[in-house]
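Participant: Here's a structure for you.
The values are calculated or read from the model by the stated rules, or taken from the named source; none is laboratory data. Predicted model only: the values in this text are computed from it and were never measured. Neighbour counts run over all protein chains shown; Cβ positions are idealised from the backbone, glycine included. The area values use the complete protein model at the heavy-atom level, side chains included, leaving out ligands, DNA and RNA. Shrake-Rupley method; radii C 1.70, N 1.55, O 1.52, S 1.80 Å.
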Amino acid sequence: MNASTTIADQLQRLLANAHAPYSGVHVACAVEGPDGRLHLGVNVENAAYPQGLCAEASAISAAVTAGETRIVRVHVASNLPDLVWPCGGCRQKILEFAEPGCEVVTIAPDGRTDSRTIEQLLPEGFRLERG
Ligand code: THU
């Protein structure tokens, strides 16, 4: 991959790999560790609808499989015209591994971006321990 390829470009290409025959909504996600390493995922739908997997959950699985347990940034793109934000369940999944202030960056097909911290997206998220 060319060093000048942006994360937005990578996610745009990755959207083609989403398995979304039921909704037609393609989502791609990159989870970034403290050293800048990226772990990618797409949504994977299933004929038994509730078994479908969000792109964020896919990417978090890839990260944990690679030994990454700290997330400093999450990038999300979709084929919908507007900016998309992770669903409620995925916000909780991100929180599990998020460093304080972990940024969630959303990227529209036309290149527009916006970002929020995970604390903004999921105030008072569930944690077993505080501190
Ligand atoms: N989806 C994601 O991949 N991430 C989200 O945060 C919200 C929704 C997927 C799930 C389903 O395959 C499609 O988008 C439509 O809901």
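Participant: Please identify the pairs in which a residue from region 46-58 that is open to solvent by 50 Å² or more (accessible area, probe 1.4 Å) and part of a helix (DSSP H, G or I) has its Cβ atom under 9 Å from the Cβ atom of a residue that is acidic (Asp, Glu) and near the ligand (Cβ under 8 Å from one of its atoms), counting only partners at least 6 apart or on another chain.
Facilitator: Qualifying pairs under 9 Å: Gln51/Glu45.
Participant: Hydrophobic (A, V, I, L, M, F, W, C), within 15 Å of the ligand (Cβ to nearest atom), touching a helix residue (DSSP H, G or I) at 6+ places or on another chain (Cβ under 9 Å) and within 21 Å of Gln12 (Cβ to Cβ) - does that describe any residue in region 106-125?
Facilitator: The first filter runs over region 106-125 and keeps only residues hydrophobic (A, V, I, L, M, F, W, C), leaving 107-108, 118, 121-122.
Within this subset, residues satisfying the condition of being within 15 Å of the ligand (Cβ to nearest atom) are 107-108, 118, 121-122.
Okay, now just the ones that are also touching a helix residue (DSSP H, G or I) at 6+ places or on another chain (Cβ under 9 Å), so 107, 118, 121-122.
From the residues that got through so far, the ones that are within 21 Å of Gln12 (Cβ to Cβ) too are 107.
Yes - at least one qualifying residue is present in region 106-125.
Participant: Read through the list (1) without any contact (Cβ under 8 Å) to a residue 40 or more places away in the chain; (2) within 11 Å of the chain's Cα centre (by Cα), then give the number of the only condition that Glu32 fails.
Facilitator: Just one mismatch for Glu32, condition (1).
Participant: Another question, if that's okay. Could you check region 37-59 and list, in sequence order, the residues that are away from the ligand (no atom under 11 Å from the Cβ) and under 15 Å from the mean Cα position of the chain (by Cα)?
Facilitator: Arg37, Leu38, His39, Leu40
Participant: Being open to solvent by 50 Å² or more (accessible area, probe 1.4 Å) and outside any helix (DSSP H, G or I) is the filter here, so list the residues in region 112-131 that pass it.
Facilitator: Arg112, Thr113, Asp114, Arg116, Pro123, Glu124, Phe126, Arg127, Leu128, Glu129, Arg130, Gly131
Participant: Out of the residues in region 66-87 that are among the small types (Gly, Ala, Ser) and within 12 Å of the chain's Cα centre (by Cα), state the one that is surrounded by the most Cβ atoms within 10 Å (Cβ to Cβ).
Facilitator: Step one: filter region 66-87 for residues among the small types (Gly, Ala, Ser), giving 66-67, 77-78.
Retained after the next criterion (residues that are within 12 Å of the chain's Cα centre (by Cα)): 77-78.
Numbers: Ala77: 28, Ser78: 23.
The extreme case among them is Ala77.
Participant: Also: Does Gly41 satisfy being open to solvent by less than 40 Å² (accessible area, probe 1.4 Å) and not in a helix (DSSP H, G or I)?
Facilitator: Taking the combined requirement at face value, the residue satisfies it.
Participant: While we're here: Has region 9-32 got at least one residue that is open to solvent by less than 20 Å² (accessible area, probe 1.4 Å), in contact with a Leu (Cβ under 8 Å, 6 or more places away or on another chain), in a loop (DSSP other than H, G, I, E, B) and at pLDDT 95 or above?
Facilitator: no
Listed here are the residues, each with its yes/no results for (1) more than 11 Å from the ligand (Cβ to nearest atom); (2) more than 15 Å from Thr106 (Cβ to Cβ).
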site	(1), (2)
Leu15	no, no
Gly24	no, yes
Glu68	yes, yes
Arg73	yes, no
Ser78	no, no
